[in-house]
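J.: First, the structure itself, so that you have it in front of you.
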Amino acid sequence: MADPDAGASPFDRTLNRLVEAAGVAIFLAIVSIVFVNATGRYAFSSTLIWGDELVLSLLPWLGMTGMFLAVRRRAAIRIGAFIDRLPPGLGHVMGLLGSIIAAAIFTWLAIVSVYYMGFFGSDRTIYLQIQKGWFMSAMVIGPALAAIAYLVTAWRDWKAGRAP
Amino acid sequence: MIGSLIAIAILLVLLVAGVPMVAALLTAVAFNFVYGGQWAIMVPQTMVSGVSQFTLIALPLFVLSGVIMNAGGISGRLFDFAKALVGWMRGGLAQVNVLTSMFFGGMIGSSTADLAGSGSILIPAMKREGYPSEVAAAVSASSSGVGPLIPPSSPMILYSAVTGTSLGALFIAGLIPGLLLGVAFMLCIGVISARRGWVRHGAFSAAEIWRAGWRASLAFGTPVIIVGGLVLGVFTPSEGGAFAVVYAALLSTVVYRTLSLAGLYRAIAAALQMTGELLIIVSLSFALGSSLSSAQAPQALAGIVDAVVMGDDPFLRLMALMVLAIIAGMFLDPLIPVLVPVILPTLLLFDVDLLHFGVLMVMAVVIGQLTPPLAIALIITSGIARTDQLKIFRANMPFFLLIIAFTVLLMAVPALATWLPSVVQR
C-alpha cells in the first residue's frame with residue numbers, strides 16, 4: 001500500500017504516525033473484544049460483560065483519530081464538483097476560507113465539549129466504573145486537534161499560494 | 001421552522017463552497033441548536049449518543065475486512081475464477097467485470113473499494129483486449145453498484161444506524177435485488193456484445209473453472225460467514241464484521257501469505273482513516289435530525305411532498321421522495337447520513353416501509369455515484385482508464401438507464417426486497 005505521508009516533513013510524519021498508532025490500537029481493541037465476545041458466547045457460554053460498554057465508549061475516539069488523519073492528509077470528505085471548476089485564484093481563496101471556517105467551527109465544538117465534560121464527565125460507566133470523561137474527552141481533544149490541523153493547512157496553503 | 005430552513009441553506013452553501021463535509025454539517029447543526037434556544041452542549045451530547053451504537057461498529061469492521069482482502073490480493077483470485085466462469089463468452093471480460101463485482105459485493109461493503117480492487121485489474125485487462133477505454137470504465141463503474149446491495153453493505157449500515165432498521169434484515173433484503181441487478185447487467189452486456197460484434201477470447205474449460213475455483217474457494221468463506229451467520233441467527237452483523245476481519249487477516253497473512261504484518265498494520269491504518277470521518281458524519285447526522293425534528297421540519301416536508309404529488313397516493317409519495325434522494329445523491333457523498341435524518345420523520349408520517357426504502361436508498365446512492373457532478377465511480381474509473389468522465393458517462397448510458405428502470409421496478413414491487421427477510425424471520 002502506498003505511503004500516505006510520502007513527501008511529508010519528519011515532524012508531520014511522526015505526528016501522523018503517533019496518532020495513527022493510537023487509532024490502530026483502538027481499532028484492534030474493538031475487533032478483539034467483539035470477536036472474543038461472540039466466540040465466547042458460543043464456545044464457552046460466557047461473555048465479557050463489559051465488552052460492549054468499552055467498545056461503544058471507544059467509538060468516538062476511533063472517529064476522531066480517523067478524522068484527524070484524514071484532515072492532515074488532505075483526504076477529508078468535501079464536494080469539489082463546483083470549487084474545482086473555479087478559476088485558480090478564486091478556488092485558492094475558497095479553499096483557504098473553507099479551512100478557516102472548519103477551524104472556527106471545530107474550535108467552537110471543542111469549547112462547548114469542555115462544558116459537556118464538566119457536566120457529565122465524572123459519571124461512571126455501569127460495568128467498568130470508569131469515569132466517562134476519559135471517553136468524552138475525544139469530543140474535546142479531537143475537534144481541538146482538527147481545528148489546529150485546519151489552521152496549519154490554511155497557513156501552508158496561503159504561503160504556498162495554492163488551493164487545498 | 002425558519003431556523004431549520006436557514007440551517008439547511010447554510011449546509012448547502014458550505015457544501016457547494018467546498019467546505020469539508022464534517023465542518024459544514026457541524027455549522028448547520030450548531031446554528032439550528034443555538035437558534036432554537038437549545039443548550040449548545042446538546043451538540044456533543046447528541047453526537048456521542050449518535051456514534052455510540054452497536055450497529056455502527058459494523059461499519060469500520062466491514063471496511064477493514066475489505067481493505068485487508070484488497071491488500072492481500074484476493075481480488076486477483078476472484079477475477080481468475082470469474083474469468084474461468086464467463087470469460088469465454090462474447091463480451092467475456094465485461095461479463096467478468098460484473099461477476100467479479102458480485103463476488104466482491106459479498107465480501108466488502110463499498111462500491112469504491114470494489115472499484116479500487118477489481119477496477120484496477122479489469123479496466124487495463126479490458127483495454128488490452130481492445131475494448132474502448134470509456135466502455136471498460138463504464139462497465140466497471142456501473143457493475144460496482146451491485147456491491148452495495150449484496151451484504152455486507154456500508155450504505156445499509158449507515159441507513160440502519162440512522163433509522164434503527166434491523167441491519168440483519170436490511171442485509172438480507174439486498175440479496176435478491178443485488179443478484180437480479182447483476183444478472184440484468186450480464187444480459188445487457190450480452191445484447192450489446194452481439195450488436196457490436198465483440199469477439200470471444202478463449203474457450204470454455206471445466207478444468208480451468210475447477211482450478212480457479214479451488215484457488216478462490218477460501219475467499220468465499222467471507223460471504224458464507226456473513227450471510228450464513230445472519231440467516232442462521234448465529235451472530236449480529238457487527239459480530240459478523242469481527243469474524244470477517246479475523247478471517248480475512250488469517251487468510252492473507254497465514255494461508256495465502258500475501259500480506260506481511262507490516263502490510264496488515266497499513267491496512268488497519270487505511271481503514272481507520274476511511275471510516276473515522278464517516279463515523280463523525282453519522283454522529284452529526286443524528287444531531288441534525290434531532291434539531292430539524294424539534295423544529296417541525298419533517299411535517300413541512302411532508303406537506304410539500306403531498307402538494308407535489310397532488311394527493312396521498314403511496315407510490316407517488318415514494319416516487320417523490322426517491323426523486324429527492326436521487327437528486328441529493330448527485331451532490332452528496334455520503335448521502336444517507338445527511339439526507340435520511342431530514343426525511344425519516346416524513347417517511348414515518350407516510351407509513352413507508354423502512355426496510356423497502358433502505359434498499360431504495362442504496363439505489364439512490366448507486367445512481368448518485370454514476371451521475372455528474374459528483375459521480376465518484378466515474379472519477380475513480382476515469383483515473384484508472386485515463387479517459388474523460390463525460391465520455392464514460394455517455395458510454396455508461398445503457399447501464400445507467402438499466403439501473404433507473406431497475407429502481408422503478410424495486411419501487412413498484414417491494415416484495416423483491418421485503419420477501420426474503422420475512423421468510424428468514426419466520
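J.: Considering chain A as a Gaussian network with a 10 Å cut-off on Cα pairs, which listed residue, A:89, A:80, A:51, attains the greatest mean-square fluctuation?
T.: Residue with maximal mean-square fluctuation among A:89, A:80, A:51: A:80.
J.: Which whole-number percent is the relative contact order of chain A (Cα, under 8 Å, 6+ apart)?
T.: Across chain A, relative contact order equals 25 percent.
J.: What is the fewest-to-most order of B:181, B:332, B:349 by other Cβ atoms lying within 10 Å of their Cβ?
T.: Numbers: B:181 29, B:332 23, B:349 16.
If I rank by nearby Cβ atoms, fewest first, I get B:349, B:332, B:181.
J.: In the neighborhood of residue B:314, defined by Cβ-to-Cβ distances under 14 Å, what is the net charge if each Lys or Arg adds +1 and each Asp or Glu adds -1? Mind showing how you got there, number by number?
T.: On the way: positive: B:317; negative: B:306, B:312, B:313, B:351, B:353.
So the surrounding residues net to -4.
J.: I've got another one for you. Using a cut-off of 13 Å between beta-carbons, work out the net charge of the residues near residue A:57 (Lys and Arg +1, Asp and Glu -1, residue A:57 not included). Don't skip to the answer; put the middle values down first.
T.: Numbers: positive: A:124, A:132; negative: A:52, A:53, A:123.
That works out to -1.
J.: For residue B:2 and residue B:349 in the same chain, what is the full-extension length gain: residue separation times 0.36 nm, less their Cα-Cα distance, in nm?
T.: Values: separation 347, 0.36 × 347 = 124.92 nm, distance 2.11 nm.
Between residue B:2 and residue B:349, full extension yields 122.8 nm more.
J.: Need the C-alpha centroid separation for the stretch A:1-37 versus the stretch B:384-426, integer Å.
T.: 36
J.: Arrange A:46, B:49 by Cβ neighbour counts within 10 Å, fewest through most, would you?
T.: Numbers: A:46 9, B:49 14.
With the fewest neighbours first, A:46, B:49 line up as A:46, B:49.
J.: Shifting gears a bit: Pull out the extension gain between residue B:207 and residue B:128, defined as 0.36 nm times the separation in residues minus the alpha carbon to alpha carbon distance; nm, one decimal.
T.: Residue separation times 0.36 nm, minus the Cα-Cα distance, leaves 26.0 nm.
J.: If r is the Cβ-Cβ distance from residue B:217 to residue B:397 and R0 is 41 Å, what FRET efficiency results, to the nearest 0.05? Could the numbers behind the result be given before it?
T.: On the way: r = 37 Å, r/R0 = 0.91.
That pair, residue B:217 with residue B:397, gives E of 0.65.
J.: If you don't mind, another one. Report, as a whole number in µm² per second, the diffusion coefficient that Stokes-Einstein gives for the stretch A:1-41 at 25 °C and 0.890 mPa s using the Kirkwood radius over alpha carbon pairs.
T.: On the way: Rh = 12.1 Å.
D = 203 µm²/s.
J.: Then there's this: Name the most mobile residue of A:68, A:119, A:106, meaning the one with the largest mean-square fluctuation, in a Gaussian network model of chain A with Cα contacts below 10 Å.
T.: With Cα springs under 10 Å in chain A, the top fluctuation among A:68, A:119, A:106 is at A:119.
J.: Taking 0.36 nm per intervening residue step and subtracting the Cα-Cα distance, what contour gain separates residue B:34 from residue B:423 on full extension?
T.: On the way: separation 389, 0.36 × 389 = 140.04 nm, distance 4.69 nm.
Full extension of this stretch gives 135.3 nm more.
J.: Give me log10 I(q)/I(0) at q = 0.07, 0.10 Å⁻¹ for chain B, Debye formula, one equal scatterer per alpha-carbon, no solvent.
T.: Here the Debye-derived log intensity ratios amount to -0.33, -0.68.
J.: Any idea what the relative contact order of chain B is, in percent, if you count C-alpha pairs under 8 Å spaced at least 6 apart?
T.: Working: 646 pairs, mean separation 107.8, N = 426.
About 25 percent, as a whole number.
J.: Estimate the FRET efficiency between residue B:323 and residue A:86 by the formula 1/(1 + (r/R0)^6), using the beta-carbon distance for r and 30 Å for R0, to the nearest 0.05.
T.: Working: r = 29 Å, r/R0 = 0.96.
Once rounded, the FRET efficiency stands at 0.55.
J.: May I pose another question? Please list the helices of chain B that count as membrane-span-like by this rule: a mean Kyte-Doolittle hydropathy of at least 0.0 together with Cα atoms stretching 30 Å or more along the helix axis, each helix being a complete DSSP H run. Kindly include the intermediate steps, with their values, before the conclusion.
T.: Details: long enough: B:167-196 (42 Å, 1.89); B:261-294 (49 Å, 1.30).
Qualifying helices, which must be both long enough and hydrophobic enough, are B:167-196, B:261-294.
J.: If you take every residue apart from residue A:34 with its C-beta less than 13 Å away from the C-beta of residue A:34, what net charge results, scoring Lys and Arg +1 and Asp and Glu -1? Spell out each step's value before the answer.
T.: Values: positive: A:41; negative: A:52, A:53, B:239.
Every neighbour counted, the sum reads -2.
Any read-out appearing in this document is the output of simple, stated calculations on the displayed coordinates, not a laboratory observation. In this text the structure is predicted, and so the values were computed from the model without any measurement. Please note: Cβ atoms are built from the backbone with ideal geometry, for glycine as well, and neighbour counts cover all protein chains shown.
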